[in-house]
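Worksheet: the structure to be examined is printed underneath.
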Amino acid sequence: MKKLIAIALLVAAGCNQTSKKISLPELLATGKWVDLSYDFSEKTLYWPNNPTGFKLDTQFNGVTPAGFYYASNSFFTPEHGGTHLDAPVHFAKGKWSIDQVPLQQLLGEAIVIDVSGKVSNNADYLITVADVEAWEKQNGKIPANAILLFKTGWGKYYPDAKKYLGTAEKGAAAVANLHFPSVHPDLAAWLIKNRKIKALGVDTASVDYGQSKDFKTHQLLYAENIIGFENIASLDQLPAKGAFIIALPMKIRDGTGGPLRIIAWVPGTIGEKN
Ligand SMILES: [Zn+2]
């Protein structure tokens with residue numbers, strides 16, 4: 001028996017010698033980075049009742065009296081528009097504001113559940129527990145601490161307000177005309193009870209669907225300090241699992257949300273460089 005253990009140890013030691021350790025930069029060079037953020041411009045989409053959208057004002061652009069070129073702008077934006085993060089305090093008093101969200105909450109494995117086939121052209125589609133169960137049947141259980149992203153296919157309409165939001169009208173009255181798919185509150189409740197996720201993101205304007213009146217999915221998730229990502233771009237470039245998300249919002253003190261640069265690293269094959 002002792003001899004067998006000794007042989008096993010030798011084999012293990014031999015394996016260790018042959019398998020080369022890969023540094024993090026070497027590993028990252030084998031994959032590719034995907035930008036999941038839309039840029040901010042006058043085309044950026046906001047909730048209809050926002051009084052203003054994104055504004056970029058030129059402060060200076062030209063040659064200075066000293067002879068060198070110089071350019072600087074100032075910008076203005078509501079917190080909740082374009083690719084942005086919802087801090088839990090957006091719908092849950094006393095929960096994290098955007099500056100309080102721990103870094104670990106913003107980094108993690110991406111689980112991408114493609115429901116675009118189910119949504120089809122139904123702008124009022126609600127993503128259900130059955131959709132998640134169907135994904136898990138194919139791919140296994142959603143791992144703990146995942147960043148869960150739902151692909152409805154609606155991203156193809158961005159930034160066409162009429163198609164993406166259901167209305168291009170502005171003002172409080174236009175809110176009733178919003179139509180886009182998102183997460184059923186029953187699914188939010190199920191995820192809280194049965195899975196452990198850090199964040200939930202969608203390729204639509206809200207984690208509640210356009211016709212929601214009570215924003216129940218927001219209320220349920222944010223009460224549990226689960227983070228929301230809205231208007232996520234390019235989800236079609238991610239695999240169903242295995243990509244790694246880095247989602248860094250602007251760090252606004254006491255902010256309820258804000259512009260988000262969200263990127264994903266998609267693993268490639270060791271030995272190949274991209
Ligand atoms: Zn928001």
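The values are calculated or read from the model by the stated rules, or taken from the named source; none is laboratory data. All values derive from a computational prediction rather than experimental measurement. Cβ coordinates were reconstructed from backbone atoms using ideal geometry, including for glycine residues, and neighbour counts include every protein chain displayed. Areas reflect the complete protein model, heavy atoms only, side chains present, ligands, DNA and RNA absent. Shrake-Rupley method; radii C 1.70, N 1.55, O 1.52, S 1.80 Å.
Answer yes or no: is there a residue in segment 229-246 that is surrounded by 20 or more Cβ atoms within 10 Å (Cβ to Cβ), hydroxyl-bearing (Ser, Thr, Tyr) and either within 25 Å of residue 121 (Cβ to Cβ) or in contact with a strand residue (DSSP E or B) (Cβ under 7 Å, 6 or more places away or on another chain) (or both). No, because not a single residue in segment 229-246 is surrounded by 20 or more Cβ atoms within 10 Å (Cβ to Cβ), hydroxyl-bearing (Ser, Thr, Tyr) and either within 25 Å of residue 121 (Cβ to Cβ) or in contact with a strand residue (DSSP E or B) (Cβ under 7 Å, 6 or more places away or on another chain) (or both). Condition first: at pLDDT 95 or above, among the aromatic types (Phe, Trp, Tyr), over 30 Å from residue 26 (Cα atoms) and surrounded by 20 or more Cβ atoms within 10 Å (Cβ to Cβ). Can you find one or more residues in segment 188-206 that meet it? Within segment 188-206, not a single residue is at pLDDT 95 or above, among the aromatic types (Phe, Trp, Tyr), over 30 Å from residue 26 (Cα atoms) and surrounded by 20 or more Cβ atoms within 10 Å (Cβ to Cβ).
Within segment 108-136, the set of residues being open to solvent by 40 Å² or more (accessible area, probe 1.4 Å), farther than 19 Å from residue 219 by Cβ and either in a loop (DSSP other than H, G, I, E, B) or not charged (D, E, K, R) (or both) comprises 117, 120, 121, 122, 124, 130, 134.
Cβ-Cβ distances below 8 Å connect the following pairs, each with a first residue in segment 66-78 that is in contact (Cβ under 8 Å) with a residue 24 or more places away in the chain and under 18 Å from residue 42 (Cβ atoms), a second residue that is hydrophobic (A, V, I, L, M, F, W, C) and open to solvent by less than 50 Å² (accessible area, probe 1.4 Å), and a separation of six or more residues or different chains: 75/54; 76/54; 77/54.
Starting from residues that are aliphatic (A, V, I, L, M) and surrounded by fewer than 19 Cβ atoms within 10 Å (Cβ to Cβ), keep the ones in segment 137-169 and report whichever is farthest from the chain's Cα centre (by Cα). Can you show your working first?
Start the filter on segment 137-169 by keeping residues that are aliphatic (A, V, I, L, M), which leaves 142, 144, 146-149, 161, 165, 168.
Now restrict to residues that are surrounded by fewer than 19 Cβ atoms within 10 Å (Cβ to Cβ): 144, 168.
Working: 144: 17, 168: 24 Å.
Among residues in segment 137-169 that are aliphatic (A, V, I, L, M) and surrounded by fewer than 19 Cβ atoms within 10 Å (Cβ to Cβ), the one farthest from the chain's Cα centre (by Cα) is 168.
From the residues in segment 78-103 that are closer than 15 Å to residue 261 by Cβ and away from the ligand (no atom under 12 Å from the Cβ), which one is surrounded by the fewest Cβ atoms within 10 Å (Cβ to Cβ)? Among those residues, the one meeting the criterion is 103. Taken across segment 230-253, residues that are more than 13 Å from the chain's Cα centre (by Cα) and within 12 Å of the ligand (Cβ to nearest atom) do not occur at all.
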